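A short write-up of the structure that comes next.
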């Protein structure tokens, strides 16, 4: 009996404590309904070529047979990239701020940003020996010093697991539907 009373008392204290109470509405959820924010995230996904992220997730996934694997990639080939951006934008607007989407879209639209994207998806494996430092281009050094870029880059890196998760969810949806 004492345990039950203690449990009820503990739960009532936890529920009344603001630190444990559920927020009424999270700012990220409110932002996800803002069409301008969703459009900015959609533009960012286009600049990042998010369809290639989806293909990467598909490549890392396991399939019961090679025929099913080929069928999934055939569906991805038929799906226009704009549809991928549109489907991923709304859920990702909750984890990517409007400022980050705007800043990183600007960055990926620059000639240097396009090179970064190209290297990300088209470079082979590279070996880094202990003590070696990665060569940094002058354009990147300049970009790395901008406060807006630094903050946006960090937020986008923090959102990467959510981007991968949403890409996986979309891949599952594509796999179950005839698209």
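The values are calculated or read from the model by the stated rules, or taken from the named source; none is laboratory data. Worth saying up front: this structure is predicted, and the values here are computed from it rather than measured. Cβ atoms come from the backbone with ideal geometry, glycine included; neighbour counts cover every protein chain shown.
Condition check: closer than 22 Å to residue 153 by Cα and either in a helix (DSSP H, G or I) or modelled with pLDDT under 50 (or both). Does residue 5 satisfy that? Considered against the rule, which asks whether it is closer than 22 Å to residue 153 by Cα and either in a helix (DSSP H, G or I) or modelled with pLDDT under 50 (or both), residue 5 comes out as no. Determine if segment 92-103 includes at least one residue that is exposed (fewer than 15 other Cβ atoms within 10 Å of the Cβ), touching a helix residue (DSSP H, G or I) at 6+ places or on another chain (Cβ under 9 Å) and modelled with pLDDT of 90 or more. Yes: one or more hits.
Within segment 78-91, if we keep just the residues that are part of a helix (DSSP H, G or I) and more than 15 Å from the chain's Cα centre (by Cα), the residue that is surrounded by the fewest Cβ atoms within 10 Å (Cβ to Cβ) turns out to be 78.
With respect to the conditions (1) modelled with pLDDT under 90; (2) under 30 Å from residue 68 (Cα atoms); (3) surrounded by 11 or more Cβ atoms within 10 Å (Cβ to Cβ); (4) out of contact with any helix residue (DSSP H, G or I) (no Cβ under 6 Å at 6 or more places or on another chain), residue 175 lacks only one, and its number is (4). Within segment 123-137, is even one residue in contact with a helix residue (DSSP H, G or I) (Cβ under 9 Å, 6 or more places away or on another chain), closer than 14 Å to residue 49 by Cα and modelled with pLDDT under 90? No, that holds for no residue. For beta carbons closer than 8 Å, sequence separation of 6+ or different chains, a first residue in segment 37-52 that is touching a residue at least 40 places away in the same chain (Cβ under 8 Å) and on the phi > 0 side of the Ramachandran plot and a second that is surrounded by fewer than 23 Cβ atoms within 10 Å (Cβ to Cβ) and assigned to a helix (DSSP H, G or I), the qualifying pairs are 49/81; 49/117; 49/121.
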